[in-house]
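Asker: Here's a structure for you.
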Amino acid sequence: MTKYLLVIISTLTLSNSVIAQEYYGKMPGQKLDWIFYYLGQNYVDSIDNNALADIAIQRIVEELDPFSSYQTKEQAEAQLNKDNGVSPVGPGLLFYMIDEKFPVITYINRGGPAETAGLKKGYIIDSINKNSTSGKTHDQITAMLNDTLYKELSIEYTDHNKSSYTTTIIKEYVPWFSVTSDYMIDEKTGYIKLQSFTKNTVQECGAAIDKLKGMGMQNLILDLRNNAGGVKDQSIALADEFLSGNKLINSSDGHNMEEELHHASDKGRFLEGKLVCLTDNYTASASEIFVSAIQEWDRGLLIGFPTFGKGLIQQSYKLGDGSTIRLTIGRYYTPMHRNIQKPVGDEWFRNLGITIPNGTPMHTLNLADSKFSQTKSRRKIMTGTGGVYPDIYFVAQSENKVALNKYNSKGYIYDFTTHFIHQNRQSILQKYPTADLFRADERYMVELSKYFTTYLIEKEVEEAKDPDFGVPRNILDLIRSWIASQLWDDSAYHQLVNVTDPTILKAIEVLTDGTYDRIIRP
């Protein structure tokens, strides 16, 4: 009997050993599996194993690094959509309630379902699937548009000529564009606003470059402020549009990952011509891959604030139910083999202990040589413990925003803008057929000031009744930008915002006063 018992124990031990070896997570994974087994079999109350698993995974990734994360099925799908350049399924429009009575369309997503259906800004939505919008609140109409029971929406609307029509919106994924603005600031200088890196970024940015070159562009201001990154491969491919000669753009390595080297070709769209990239502390990840390559190969100047400092690579892995674990799998390096990952709580820049005046070339700062490195052509640039440091430090000074915040918080500025456009759309477009013409007429600010003052008086704003009252310039700039957005498109909005954007004005100055040529030498 003892002999047979020893055989059984030996067999069970061997069996458990084999199971442990074949288990994906080996013994740690098996331990978690046993926990859920015992909970299901023996715990006194009923429990939600799925919820507990989510909690366990979230707690595990918290111990790793700031960028590893657990994503639910919905979050994983949203991440994939963003990388693919689309937003969630929807109608692709926004609206505003005029006098809280009727919804007027104020925004149409480019290439989205509403645009495909023929709807335009300024049209009034009269009914949705034969349900009148009259007497409905903004939230109620939003719910009608986003009702997941309906993929098709029958929309009755009133156009700019007060004629009524019916169209059908077929709800689909809404395009999410990387390039939100591209236009010529002056005869030689183009501007491109790049808000993210998706799988379509190079295609979009390339088309914008070709368009602007066709209009005479010799200098380019590429705005990467607030660009938190995205698809890494696209940032490398975009750098290739500006770099030539087999130059190293980026390298990366990691655990169970061979070193990858990415070099430029000779087929870029903008291999010559002056380039200025705008950065801030929200410029991150894929954006930093791009700007570091531009800076270290002396292909262009960076103006603004030090970047975020993210030099880690993430990859998503499916967990079987649609959820994913997004793990940091490697590090990427600049052409000078710098890893720009900033340590948690890093205060290196703040601890320099100096005040840097706006417009200061960083290489002129009287600091120890250890604070600097050299580019590929041995140009001096600041390097710290993480992030990419601009060639020219520039932070827009905060304006007096007391009045702006006051009127904005009460909704006066947007309410006035939307009413004003609704009442004057045709006359404005007749006077200014294009956003360029609207941008060029500074005299229109005087007229806007009068209209807005009258509006404030009607709203019983006491200071507006003072004969010496004047509308602050930053409020008029915002109104004019929103007018451009509702009359034309996102690009027009940036055209008007940029007219008085101090960083844009500094970039233009650097391109034209000889500063660029003094720092970037051929």
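The values are calculated or read from the model by the stated rules, or taken from the named source; none is laboratory data. All values derive from a computational prediction rather than experimental measurement. Note that each Cβ is placed from the backbone with ideal geometry, even for glycine, and that neighbours are counted across all protein chains shown.
Asker: Looking at ILE294, ILE303, which is the one that is within 23 Å of the chain's Cα centre (by Cα) and free of Cβ contacts under 8 Å to residues at least 60 places away in the same chain?
Answerer: Criteria check complete, one pass: ILE294.
Asker: A follow-up question, please. Conditions first: (1) assigned by TED's automatic domain parsing to the domain that holds LEU93; (2) closer than 19 Å to HIS494 by Cβ. GLU152 passes all but one, so which condition is the exception?
Answerer: Failing condition for GLU152: (2).
Asker: Next question. For the stretch 201-215, which residues satisfy the criterion of being under 14 Å from ILE185 (Cβ atoms) and either without any contact (Cβ under 8 Å) to a residue 12 or more places away in the chain or of a type in the set (Gly, Ala, Ser) (or both)?
Answerer: Result: ALA208, single match.
Asker: Continuing with this model, one more query. Only one of (1) at pLDDT 95 or above; (2) of a type outside the set (Ser, Thr, Tyr); (3) closer than 27 Å to LYS213 by Cα is not met by ASP266, so which one is it?
Answerer: (1)
Asker: Something else: Just to confirm my filter: which strands (runs of 3 or more DSSP E) fall fully inside the stretch 218-303 and include at least 3 residues that are among the hydroxyl-bearing types (Ser, Thr, Tyr)?
Answerer: Qualifying strands (runs of 3 or more DSSP E): none found.
Asker: Specify which of the listed residues (ALA484, ALA464) is assigned to a helix (DSSP H, G or I) and at pLDDT below 95.
Answerer: Answer to the selection: ALA464.
Asker: Considering only residues that are within 30 Å of the chain's Cα centre (by Cα) and under 12 Å from THR383 (Cα atoms), look in the stretch 353-371 and name the one that is surrounded by the fewest Cβ atoms within 10 Å (Cβ to Cβ).
Answerer: Checking each candidate, the answer is HIS363.
Asker: For the stretch 121-155, give me the residue count where each residue is in contact with a Lys or Arg (Cβ under 9 Å, 6 or more places away or on another chain), farther than 18 Å from ILE98 by Cα and among the charged types (D, E, K, R).
Answerer: Residues that pass the stated criteria total 2.
Asker: When the residues of the stretch 241-266 are narrowed to those that are among the charged types (D, E, K, R), out of contact with any Ser or Thr (no Cβ under 6 Å at 6 or more places or on another chain) and under 21 Å from GLY330 (Cβ atoms), which ends up surrounded by the fewest Cβ atoms within 10 Å (Cβ to Cβ)?
Answerer: GLU258
Asker: Given the conditions (1) surrounded by 15 or more Cβ atoms within 10 Å (Cβ to Cβ); (2) without any contact (Cβ under 8 Å) to a residue 60 or more places away in the chain; (3) in the same structural domain as ASN227 (by TED's automatic domain parsing); (4) out of contact with any strand residue (DSSP E or B) (no Cβ under 9 Å at 6 or more places or on another chain), which single one is not true for GLY384?
Answerer: Status for GLY384: all satisfied but (2).
Asker: Can you find even one residue in the stretch 474-486 that is among the charged types (D, E, K, R), in contact (Cβ under 8 Å) with a residue 60 or more places away in the chain and either over 30 Å from PHE95 (Cβ atoms) or surrounded by fewer than 22 Cβ atoms within 10 Å (Cβ to Cβ) (or both)?
Answerer: no
Asker: Out of curiosity, is PRO306 surrounded by 19 or more Cβ atoms within 10 Å (Cβ to Cβ) and in a loop (DSSP other than H, G, I, E, B)?
Answerer: Spelling it out, PRO306 is indeed surrounded by 19 or more Cβ atoms within 10 Å (Cβ to Cβ) and in a loop (DSSP other than H, G, I, E, B).
Asker: Follow-up. What do you reckon, is GLU442 on the phi > 0 side of the Ramachandran plot and either aromatic (Phe, Trp, Tyr) or part of a loop (DSSP other than H, G, I, E, B) (or both)?
Answerer: no
Asker: Just one of (1) outside any strand (DSSP E or B); (2) surrounded by 13 or more Cβ atoms within 10 Å (Cβ to Cβ) trips up LYS162, so point out which.
Answerer: Of everything listed in (1) outside any strand (DSSP E or B); (2) surrounded by 13 or more Cβ atoms within 10 Å (Cβ to Cβ), LYS162 misses just condition (2).
Asker: Additional query: Given the conditions (1) at pLDDT 90 or above; (2) touching a Leu at 6+ places or on another chain (Cβ under 9 Å), report the number of the one that LEU312 does not fulfil.
Answerer: (2)
Asker: Tell me, please, whether a residue that is among the small types (Gly, Ala, Ser), within 30 Å of GLY411 (Cβ to Cβ) and out of contact with any Cys (no Cβ under 8 Å at 6 or more places or on another chain) can be found in the stretch 49-56.
Answerer: Taking every residue of the stretch 49-56 in turn, none turns out to be among the small types (Gly, Ala, Ser), within 30 Å of GLY411 (Cβ to Cβ) and out of contact with any Cys (no Cβ under 8 Å at 6 or more places or on another chain).
Asker: Then there is this: Looking at the stretch 499-519 only, could you name the residues that are among the polar types (S, T, N, Q) and at pLDDT 95 or above?
Answerer: THR503, THR512, THR515
Asker: Restricting to the stretch 134-147, name every residue that is closer than 19 Å to LYS171 by Cα and among the hydroxyl-bearing types (Ser, Thr, Tyr).
Answerer: Selection gives THR142 alone.
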